[in-house]
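Undergrad: One structure follows; several queries about it will come next.
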Amino acid sequence: MKEFIFLALKARTTADFGIEELADTKMDQVCRMVSNCLWISKNIRRDTVVHAALTGPKDPPKLITFHGLGLSQDIKADEISIARVIFKALRAGIGLKLNEGKEVVPGVIISKKAFETVAKEKSRTSQMFYLHPEGKDIREVEMGEDVTIMLGDFIGLPRNTIKLIERLGAQKLSLGPKMLFASHCPILVHNELDRREL
(Lines give C-alpha, C1' and ligand atoms only; values in the text may rest on other atoms or scores of the structure.)
Protein backbone atom coordinates (compact mmCIF):
# COMPACT_ATOMS: atom_id res chain seq x y z
CA MET A 1 0.00 0.00 0.00
CA LYS A 2 1.20 3.50 -0.88
CA GLU A 3 -0.04 6.27 1.38
CA PHE A 4 0.43 10.02 1.27
CA ILE A 5 -0.17 12.36 4.21
CA PHE A 6 -0.47 15.97 3.08
CA LEU A 7 -0.36 18.70 5.73
CA ALA A 8 -2.35 21.72 4.51
CA LEU A 9 -1.74 24.28 7.23
CA LYS A 10 -4.03 27.00 5.86
CA ALA A 11 -6.74 24.88 4.21
CA ARG A 12 -10.22 25.46 5.59
CA THR A 13 -11.78 22.97 8.00
CA THR A 14 -15.38 24.10 7.52
CA ALA A 15 -17.49 24.17 4.36
CA ASP A 16 -18.49 27.83 4.62
CA PHE A 17 -17.04 28.90 1.26
CA GLY A 18 -17.87 28.43 -2.39
CA ILE A 19 -16.30 26.66 -5.35
CA GLU A 20 -15.10 30.03 -6.67
CA GLU A 21 -13.06 30.48 -3.47
CA LEU A 22 -10.91 27.34 -3.77
CA ALA A 23 -7.70 29.30 -4.34
CA ASP A 24 -8.42 31.85 -1.60
CA THR A 25 -9.02 29.08 0.94
CA LYS A 26 -6.04 26.94 -0.20
CA MET A 27 -8.43 24.11 -1.06
CA ASP A 28 -7.25 24.11 -4.67
CA GLN A 29 -3.93 22.69 -3.43
CA VAL A 30 -5.73 19.93 -1.55
CA CYS A 31 -7.82 19.04 -4.60
CA ARG A 32 -4.77 18.85 -6.87
CA MET A 33 -2.94 16.71 -4.31
CA VAL A 34 -5.81 14.23 -4.09
CA SER A 35 -6.11 14.08 -7.88
CA ASN A 36 -2.40 13.53 -8.47
CA CYS A 37 -2.16 10.87 -5.77
CA LEU A 38 -5.03 8.76 -7.01
CA TRP A 39 -5.98 9.29 -10.65
CA ILE A 40 -4.24 8.00 -13.75
CA SER A 41 -5.53 7.90 -17.31
CA LYS A 42 -8.96 6.23 -17.30
CA ASN A 43 -8.43 4.67 -13.87
CA ILE A 44 -7.86 5.11 -10.13
CA ARG A 45 -4.85 3.80 -8.26
CA ARG A 46 -6.49 1.16 -6.10
CA ASP A 47 -3.29 0.55 -4.10
CA THR A 48 -3.08 4.15 -2.85
CA VAL A 49 -4.53 6.16 0.03
CA VAL A 50 -4.22 9.92 0.50
CA HIS A 51 -4.84 11.70 3.80
CA ALA A 52 -5.41 15.46 3.63
CA ALA A 53 -4.68 16.90 7.09
CA LEU A 54 -6.35 20.32 7.27
CA THR A 55 -5.48 22.78 10.04
CA GLY A 56 -6.93 26.10 8.86
CA PRO A 57 -10.06 27.88 10.18
CA LYS A 58 -12.54 27.35 11.70
CA ASP A 59 -12.60 23.86 13.23
CA PRO A 60 -9.16 22.18 13.10
CA PRO A 61 -7.96 19.54 12.92
CA LYS A 62 -9.76 17.70 10.13
CA LEU A 63 -8.48 14.70 8.21
CA ILE A 64 -10.08 13.71 4.90
CA THR A 65 -8.95 10.28 3.71
CA PHE A 66 -9.46 9.02 0.16
CA HIS A 67 -9.04 5.24 -0.27
CA GLY A 68 -8.36 4.40 -3.90
CA LEU A 69 -9.69 0.88 -3.43
CA GLY A 70 -13.14 2.06 -2.41
CA LEU A 71 -13.59 5.15 -4.59
CA SER A 72 -16.32 5.22 -7.19
CA GLN A 73 -15.39 5.76 -10.82
CA ASP A 74 -18.16 8.39 -10.79
CA ILE A 75 -15.85 10.78 -8.94
CA LYS A 76 -13.78 12.60 -11.53
CA ALA A 77 -10.19 13.82 -11.21
CA ASP A 78 -10.84 17.53 -11.75
CA GLU A 79 -10.59 20.08 -8.92
CA ILE A 80 -14.29 20.94 -8.90
CA SER A 81 -15.43 17.32 -8.60
CA ILE A 82 -12.97 16.62 -5.79
CA ALA A 83 -13.91 19.91 -4.07
CA ARG A 84 -17.56 18.85 -4.02
CA VAL A 85 -16.59 15.62 -2.21
CA ILE A 86 -14.48 17.64 0.25
CA PHE A 87 -17.39 20.04 0.90
CA LYS A 88 -19.63 17.06 1.60
CA ALA A 89 -17.01 15.63 3.96
CA LEU A 90 -16.55 18.90 5.86
CA ARG A 91 -20.31 19.25 6.29
CA ALA A 92 -20.49 15.65 7.55
CA GLY A 93 -17.63 16.37 9.96
CA ILE A 94 -19.47 19.01 11.95
CA GLY A 95 -19.59 17.98 15.60
CA LEU A 96 -17.11 15.11 15.39
CA LYS A 97 -15.23 14.45 18.62
CA LEU A 98 -11.44 14.16 18.65
CA ASN A 99 -10.27 11.06 16.73
CA GLU A 100 -13.85 10.23 15.71
CA GLY A 101 -14.58 9.64 12.02
CA LYS A 102 -17.28 8.68 9.55
CA GLU A 103 -17.52 7.55 5.93
CA VAL A 104 -19.00 10.25 3.70
CA VAL A 105 -19.18 8.40 0.39
CA PRO A 106 -17.61 5.05 -0.49
CA GLY A 107 -13.85 5.39 -0.04
CA VAL A 108 -13.89 8.82 1.65
CA ILE A 109 -13.68 9.29 5.42
CA ILE A 110 -13.73 12.51 7.46
CA SER A 111 -12.09 12.45 10.89
CA LYS A 112 -11.39 14.90 13.68
CA LYS A 113 -7.74 13.87 13.68
CA ALA A 114 -4.37 15.62 13.49
CA PHE A 115 -1.50 14.99 11.06
CA GLU A 116 0.69 13.83 13.95
CA THR A 117 -1.88 11.26 15.07
CA VAL A 118 -2.22 9.61 11.66
CA ALA A 119 1.60 9.68 11.28
CA LYS A 120 1.93 7.75 14.55
CA GLU A 121 -0.65 5.23 13.38
CA LYS A 122 1.09 4.64 10.05
CA SER A 123 4.54 4.30 11.66
CA ARG A 124 3.42 0.97 13.19
CA THR A 125 2.83 -0.72 9.84
CA SER A 126 4.55 1.30 7.11
CA GLN A 127 7.97 2.49 6.00
CA MET A 128 7.95 6.26 6.62
CA PHE A 129 9.41 9.06 4.49
CA TYR A 130 9.01 12.82 4.34
CA LEU A 131 9.89 15.00 1.40
CA HIS A 132 12.71 17.49 1.85
CA PRO A 133 15.15 19.13 -0.60
CA GLU A 134 18.09 17.86 1.47
CA GLY A 135 16.86 14.28 1.64
CA LYS A 136 18.34 11.22 0.01
CA ASP A 137 17.44 10.87 -3.66
CA ILE A 138 14.45 8.56 -4.14
CA ARG A 139 16.38 6.65 -6.81
CA GLU A 140 18.90 5.58 -4.17
CA VAL A 141 16.37 4.49 -1.53
CA GLU A 142 14.98 1.01 -1.05
CA MET A 143 11.25 0.92 -0.45
CA GLY A 144 9.07 -1.93 0.64
CA GLU A 145 5.49 -2.69 -0.34
CA ASP A 146 3.98 -0.49 2.38
CA VAL A 147 5.26 3.08 2.29
CA THR A 148 3.94 6.36 3.66
CA ILE A 149 5.11 9.64 2.15
CA MET A 150 4.55 12.82 4.19
CA LEU A 151 4.72 16.33 2.79
CA GLY A 152 3.57 19.85 3.50
CA ASP A 153 1.97 22.61 1.49
CA PHE A 154 3.73 25.82 0.36
CA ILE A 155 4.65 26.52 4.00
CA GLY A 156 6.27 23.12 4.50
CA LEU A 157 6.28 20.83 7.51
CA PRO A 158 6.77 22.68 10.82
CA ARG A 159 10.02 22.02 12.66
CA ASN A 160 8.29 20.33 15.61
CA THR A 161 6.38 18.06 13.23
CA ILE A 162 9.62 17.05 11.54
CA LYS A 163 11.16 16.21 14.91
CA LEU A 164 8.17 14.04 15.75
CA ILE A 165 8.11 12.07 12.50
CA GLU A 166 11.88 11.57 12.66
CA ARG A 167 11.42 10.06 16.13
CA LEU A 168 8.87 7.77 14.50
CA GLY A 169 11.57 6.62 12.06
CA ALA A 170 10.71 8.75 9.02
CA GLN A 171 13.55 9.18 6.54
CA LYS A 172 14.22 12.38 4.60
CA LEU A 173 13.54 11.92 0.87
CA SER A 174 14.31 14.10 -2.16
CA LEU A 175 12.70 13.91 -5.60
CA GLY A 176 15.43 15.76 -7.45
CA PRO A 177 17.44 18.98 -7.67
CA LYS A 178 14.50 21.37 -8.24
CA MET A 179 11.94 22.57 -5.70
CA LEU A 180 8.52 21.40 -6.90
CA PHE A 181 4.91 22.24 -6.19
CA ALA A 182 3.66 19.86 -3.51
CA SER A 183 0.91 18.56 -5.80
CA HIS A 184 3.49 17.49 -8.40
CA CYS A 185 5.39 15.30 -5.94
CA PRO A 186 3.04 12.28 -5.82
CA ILE A 187 3.32 11.90 -9.61
CA LEU A 188 7.10 11.55 -9.36
CA VAL A 189 6.87 9.16 -6.40
CA HIS A 190 4.38 6.98 -8.27
CA ASN A 191 6.47 7.06 -11.44
CA GLU A 192 9.53 5.84 -9.57
CA LEU A 193 7.63 3.05 -7.82
CA ASP A 194 5.81 2.08 -11.03
CA ARG A 195 9.17 1.58 -12.74
CA ARG A 196 10.35 -0.68 -9.93
CA GLU A 197 7.31 -2.90 -10.41
CA LEU A 198 8.17 -3.63 -14.07
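The values are calculated or read from the model by the stated rules, or taken from the named source; none is laboratory data. In this text, all values refer to a predicted model and were calculated from it rather than measured experimentally. Heads up, the Cβs are rebuilt from the backbone with ideal geometry, glycines too, and the neighbour counts pull from every protein chain shown.
Undergrad: Residues of the range 136-176 being basic (Lys, Arg) and surrounded by 12 or more Cβ atoms within 10 Å (Cβ to Cβ), which ones?
TA: Matches in the range 136-176: LYS136, LYS172.
Undergrad: Within the range 133-169, which residues are over 18 Å from ALA53 (Cα atoms) and in a strand (DSSP E or B)?
TA: If the condition is that a residue be over 18 Å from ALA53 (Cα atoms) and in a strand (DSSP E or B), then PRO133, GLU134, GLY135, LYS136, ASP137 are the ones that fit.
Undergrad: Being β-branched (Val, Ile, Thr) and outside any helix (DSSP H, G or I) is the filter; apply it to the range 17-49 and report the residue that is farthest from SER72 (Cα to Cα).
TA: So the residue we want is THR25.
Undergrad: Let me ask another. Just one of (1) in contact (Cβ under 8 Å) with a residue 24 or more places away in the chain; (2) surrounded by 14 or more Cβ atoms within 10 Å (Cβ to Cβ) trips up MET179, so point out which.
TA: (2)
Undergrad: For ARG84, only one of the following conditions fails: (1) over 15 Å from ASP16 (Cα atoms); (2) not in a strand (DSSP E or B). What is its number?
TA: (1)
Undergrad: Now, a different point. If I filter the range 29-57 down to residues being modelled with pLDDT of 95 or more and among the charged types (D, E, K, R), which single residue comes out as nearest to the chain's Cα centre (by Cα)?
TA: The selected residue is ARG32.
Undergrad: Only one of these conditions is not met by PRO60: (1) modelled with pLDDT under 95; (2) part of a loop (DSSP other than H, G, I, E, B); (3) out of contact with any helix residue (DSSP H, G or I) (no Cβ under 8 Å at 6 or more places or on another chain). Which number is it?
TA: (1)
Undergrad: Would you point out the residue of the range 97-117, among those that are touching a residue at least 24 places away in the same chain (Cβ under 8 Å) and part of a loop (DSSP other than H, G, I, E, B), that is nearest to ASP153 (Cα to Cα)?
TA: Checking each candidate, the answer is ALA114.
Undergrad: Moving on. Can you pull out the residues in the range 80-120 that are buried (at least 19 other Cβ atoms within 10 Å of the Cβ) and within 27 Å of LEU175 (Cα to Cα)?
TA: Across the range 80-120, the qualifying residues are ILE82, ALA114, PHE115, VAL118, ALA119.
Undergrad: Another question, then. So in the range 121-130, with the set limited to residues that are within 15 Å of the chain's Cα centre (by Cα) and in a helix (DSSP H, G or I), which one is surrounded by the most Cβ atoms within 10 Å (Cβ to Cβ)?
TA: For the range 121-130, the residue satisfying everything is LYS122.
Undergrad: Here's a follow-up. LYS172 passes all but one of (1) in contact with a Gly (Cβ under 8 Å, 6 or more places away or on another chain); (2) part of a loop (DSSP other than H, G, I, E, B); which number fails?
TA: Status for LYS172: all satisfied but (2).
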